[in-house]
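First the structure, in the form of structure tokens, and then the observations on it.
Values in this text are rule-based calculations from the coordinates and carry no lab data. All values reported here derive from a predicted model rather than from experimental measurement. With ideal geometry, Cβ positions are generated from the backbone for all residues, glycine too; neighbour counts draw on all protein chains shown.
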Amino acid sequence: MAVGDLITRDGQMQWGDLLLGEESPFVGENLTGWDDLPEVSGGISLRPTGHGGWATPLFAEPRVLEWDFYVLPDTLDVYPDTLRRLRQATTLRQYEQPLVVQLAGTRRMTRGRVTRRSLPASTKYTVGDAPDGTLVWECSDPRWYEVDEQVAWTGLPMAEPGLDWGTAPAGLEYPLEWGTPGSTGLVAAYNAGDAATHPVIEIRGPVQRPSVTQIETGRVLEYNVTLTDSDVVVVDCLAGTVTLNGVASRLSTVTTRSHPEQAFALERGTTNLAFRALPGYFDPLSTAVVRWRNAFW
């Protein structure tokens with residue numbers, strides 16, 4: 001099941017494989033923290049010997065979501081199974097998973113963990129009334145994301161063949177044949193959101209000392225590795241990890257001109273990226289695949 005596939009209308013949420021909200025047994029009243037800006041740190045540093053202060057960088061803190069709901073199954077006999085599914089979906093987990101919410105025709109996703117589940121035991125369970133409850137999620141990344149992932153890719157730059165001089169005595173034959181344009185090694189990543197987003201970059205061999213550069217900012221990711229045609233290095237810029245074939249860390253291979261992975265974010269709008277390798281190296285099978293989701297506050 002894909003993320004958000006259970007959602008069909010506004011007022012619904014999907015947590016794992018559990019549908020919450022409208023047209024489900026779990027009908028909500030309020031979802032606090034979803035449309036709010038997250039808490040921020042930083043702001044103003046006061047001047048010690050003068051009026052006012054200095055504006056310092058603002059950093060968003062983790063987002064906390066609180067949802068109040070009622071349990072409203074169709075019949076009393078399905079209460080046990082309904083509550084069982086809720087408890088199973090909201091147990092303590094050490095890893096974050098997607099929470100998808102659709103409101104006002106807009107579907108967004110975040111990732112979090114349930115840190116509180118309140119289901120007061122009362123006579124409402126036995127008299128057929130609607131028991132009430134509360135769920136609290138903590139999301140380490142406070143941004144919203146589009147559910148659909150964006151993908152772009154490029155190969156290494158390839159020289160163009162140039163003019164075809166032909167065999168005529170005069171040299172060139174008309175019309176002039178410039179040859180098939182070569183790969184530029186450039187790719188554009190468009191972030192349609194209003195917050196910077198961190199991409200995942202897959203570099204596939206064969207390639208030597210691959211690098212990806214942001215043209216606008218000059219930020220570079222470069223790794224002193226040699227990849228065969230069966231090797232893939234995955235750079236997760238949000239997590240700050242670099243793994244070879246999904247197993248071995250290759251953070252130790254960063255070069256001196258490489259920037260921290262977590263600083264390699266795609267700002268709103270278009271970011272032009274250049275895929276390069278060791279000078280003079282070219283292989284048409286080498287590729288850099290960039291994956292990202294549009295991000296919002």
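Over the Cα atoms of segment 216-266, what radius of gyration and what Dmax do you get, in Å?
Expressed in Å, the Cα Rg and Dmax of segment 216-266 come to 11.1, 32.
Mind giving me the nanometre distance, one decimal, between the label points for D17 and T115, set 7 Å out from Cα along Cα→Cβ?
Between D17 and T115, the simple spin-label model gives 2.8 nm.
Can you tell me the 0 to 90 degree angle between the C-alpha axis of helix 79-89 and the longest principal axis of the chain, rounded to 10?
Long axis of 79-89 versus the principal axis of the chain: about 40 degrees.
Taking K and R as +1 and D and E as -1, what net charge do the other residues with C-beta under 14 Å from the C-beta of W153 add up to?
So the environment of W153 carries a net charge of 0.
Once R0 is set to 22 Å, what does the formula 1/(1 + (r/R0)^6) return for the Cβ-Cβ distance between A130 and Q88, expressed as a FRET efficiency to the nearest 0.05?
0.60
Say R0 is 35 Å: what FRET efficiency, to the nearest 0.05, do D77 and S140 get from their beta-carbon distance?
After rounding, the FRET efficiency stands at 0.30.
Given the options W34, W54, W15, which has the most mean-square fluctuation in a GNM of the chain, springs set between C-alpha atoms less than 10 angstrom apart?
Checking each option, the largest mean-square fluctuation is seen for W54.
Note down the relative contact order for segment 1-45 as a percent, whole number, built from C-alpha pairs under 8 angstrom at least six residues apart.
Relative CO of segment 1-45 lands at 20 percent.
Which one of Y145, Y190, Y95 has the biggest mean-square fluctuation once the chain is modelled by GNM with Cα springs under 10 Å?
Result: Y95 has the largest fluctuation of those listed.
How big is the charge dipole of the chain about its Cα centre, in debye rounded to the nearest 20, if each Lys and Arg gets +1 on its Cβ and each Asp and Glu gets -1 on its Cβ?
Taking the Cα centre of the chain as origin, the dipole is about 920 debye.
Give a residue-ordered list of calculated ³J(HN,Hα) values for segment 51-68 (Karplus: 6.51 cos²θ - 1.76 cosθ + 1.60, θ = phi - 60°; whole Hz; x for Gly, Pro).
For segment 51-68, the Karplus curve yields 6, x, x, 10, 6, 10, x, 9, 10, 6, 8, x, 8, 10, 10, 10, 10, 9 Hz.
May I ask you to derive the relative contact order of the chain, considering only C-alpha pairs under 8 Å and at least 6 residues apart, and to give it as an integer percent?
17 percent
A192 to T106: extension gain in nm, 0.36 nm per residue of separation minus the Cα-Cα distance?
Separation in residues times 0.36 nm, less the Cα-Cα distance, equals 29.6 nm.
Please report the relative contact order for segment 1-119, taking Cα pairs under 8 Å with a sequence separation of at least 6, and give it as a percent rounded to a whole number.
Relative contact order, segment 1-119: 29 percent.
Please report the net charge: other residues with Cβ closer than 15 Å to the Cβ of E61, K and R +1, D and E -1.
-2
Taking θ = phi - 60°, what integer Hz values does the Karplus form 6.51 cos²θ - 1.76 cosθ + 1.60 yield along segment 276-284, in sequence order, with x for Gly and Pro?
9, 9, 3, x, x, 8, 8, 8, x
If R₀ is 30 angstrom, what is the calculated FRET efficiency for the pair L251 and E39, using the beta carbon separation as r and rounding to 0.05?
0.45
Once every DSSP H run of n ≥ 4 in the chain is given -39500 (n - 2.57) and the sum is divided by its residues, what mean residue ellipticity at 222 nm do you get, rounded to the nearest 500 deg cm²/dmol?
Result for the chain: -1500 deg cm²/dmol, rounded to the nearest 500.
How do 212-222, 2-12 rank on mean C-beta neighbours within 10 Å, highest first?
212-222, 2-12
Tell me which label goes with the value of Rg and Dmax of the Cα atoms in Å computed from the coordinates here: (1) 22.5, 75; (2) 26.2, 101; (3) 17.2, 50.
(2)
If you add up the charges near V225, with Lys and Arg at +1 and Asp and Glu at -1, over every other residue whose beta carbon is less than 11 angstrom from its beta carbon, what do you get?
Residues close to V225 contribute a combined charge of 0.
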